[in-house]
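Shown next, in C-alpha cells, is the structure this report addresses.
The values are calculated or read from the model by the stated rules, or taken from the named source; none is laboratory data. Please read these numbers as outputs of a predicted model, since none were measured by experiment. When we count neighbours, we look across all protein chains shown, and the Cβ atoms used for this are built from the backbone with ideal geometry, even at glycine. What goes into the accessible areas is simple: the full protein's heavy atoms, side chains included, and nothing from ligands, DNA or RNA. Shrake-Rupley method; radii C 1.70, N 1.55, O 1.52, S 1.80 Å.
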Amino acid sequence: MKVRSVIHSWVLGYARTPCVIFFLVFVFVGIEEQPCFGQRNSNDAPRVMLGVRFSGDSALVAYVQPNGPAFKAGLEVGDEIFSVNDNYVLQSSDLVRNLSNSRPGDRVRVEVRRNGEFRFFDLDVMKATSDGQRIATDGTILAPPPEFGMVGEKAPAITVSTWQNLPDNQTRCQLDDYLGKVVVLMLFQTTCAFSEADGMPLMSEFYQRHKDDPDVQFLSVLASFPQSGENTLENGLAMCQKFNLPIPVGLDTSQDIENTVCKQLKALGSPWFVMIDRKGVVALNGIPGDIVDRDVINKIKLGETVMESFVESEAPPVNAGNDDQ
C-alpha cells in the first residue's frame, strides 16, 4: 500500500495539470474530448454518468447528486476521483473517456483519494442527464450562465491591440472600422485540434471565395488565455500561412477572463465564427458545424437572415466539468 501511495503521489504531482477552458462548456460521454469545439462522435452508445460534478476540469468532486450512483456508493464532496476500473483519471475528460464504452447499469470500480487515503467504491452507472445547472466548488448552485451567441446585436468593440498582417497604412483594427462591409471573424487556438481541422479549412474556403470582394473583410483572433503558452502570435501566423490565409491575426492578451474576446462576443470557445453585417450587427455567431450554407456571406451582404439565434444551432457540447458526470 505504501508503494501504491508513492506511485499515486508521483503521478498526481507530475501529470495532473489544469486545462484551459472557455467559460461554461458541457461534458458528455460519447464525444471526442478536446479543449475546443469538434464534431459529434458517431458512437451512438448511451451516455452514462456517476452522478457527480467536478470543480472545473479537475477530478475533484464538487457535487454529488442525491440518490445517484455515487451518492448510494458513498462518494462525498471533496473526494478526488483517481481511477475508474483501474484507468487513471487526471482530469474530468479522462472520466468521460473511461466511461465511453459503459452502458446504463454497468458496474464500475471507482478509486478516490479522501483526506490523503485511497478508497474504492463499486457503483452502477446511470444514463446521463443534463439540467444546465452550474455548480460551485462547495456544491452550491450558481446563477444561469449568460446566453451564448449575440445574433441581432450590435457587435461590440473587441479589446485586441496586438495585430499582425494589417495593411501597410493601417495601425489599428476595430470592428467599427469596417462598417459598410461584411466582417468574417474567426476565433481560434493553435493548441486546438479542431481549430486546425475544422476552423481553418472553412475560413480558407470562405477567403478563396471572397478574397477579391472589397465588401468583405476577414479577421482572425487567437482567443487564448495567458496560461496558453503555445498560443503565440508567431504560431498563429504560421497556422494561417499553412492554410493560405494572409489575413490580419490578432492576439488576445487580456489578463482578465471577463474581458477576453470570447467573453465580449459571447463565444463558447474555439474555433468560433462571428459574421457581422454592413450595419455592424452580428448576423452569425457559432461553430463551423453551424455553417452549412457556403453562400452565407453573400446572403449577409443582401441583408438576409442566416441565423435566428445560437440556440437553434447544433453546437456540440464539449469538455468543461460543470455538468453531470
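Between residue 85 and residue 177, the modelled label-to-label distance comes to 5.4 nm, taking each label 7 Å out from Cα in the direction of the beta carbon. Please work out the FRET efficiency for the pair residue 244 and residue 293, using the Cβ-Cβ distance as r and a Förster radius of 25 Å; give the result to the nearest 0.05. With a Förster radius of 25 Å, E is 0.65. Can you list the trypsin sites (Lys or Arg not before Pro) in the range 238-305 that are in a DSSP coil and have 13 or fewer other beta carbons within 10 angstrom? Passing both the DSSP loop test and the Cβ count: 279, 294. Computed from point charges on the beta carbon alone (+1 for Lys and Arg, -1 for Asp and Glu), the dipole magnitude for the range 168-228 about its Cα centre is near 100 Debye. In this simple spin-label model, placing a label point 7 Å from the Cα along the Cα-to-Cβ direction at both residue 304 and residue 279 gives a separation of 1.8 nm.
Averaged per residue, the range 244-295 has 35 square angstrom of accessible surface, using a 1.4 angstrom probe with ligands and nucleic acids left out.
Structure note, pairs 266/299; 242/263; 154/263; 127/266; 211/263; 154/242: Cα-Cα distances above 26 angstrom occur for 242/263; 127/266; 211/263; 154/242.
Full extension of the chain between residue 212 and residue 255 gives 11.8 nm of extra length, using 0.36 nm per residue less the Cα-Cα distance. In whole Å, what is the distance between the alpha-carbon centres of the range 93-128 and the range 241-302? First find each Cα centre; the distance between them is then 38 Å. The H on the amide N of residue 151, modeled in the peptide plane, is under 5 Å from the matching H of 310, each at least 5 residues off or on a different chain. Solvent-free Debye calculation, one equal scatterer per alpha-carbon of the range 238-296: log10 I(q)/I(0) at 0.18, 0.28 Å⁻¹ equals -0.86, -1.23. What shape does the range 155-230 take by its C-alpha gyration tensor, where a ≥ b ≥ c are the square roots of the eigenvalues and a/c under 1.5 counts as rounded, a/b above b/c as prolate, and the rest as oblate? The shape class here is oblate.
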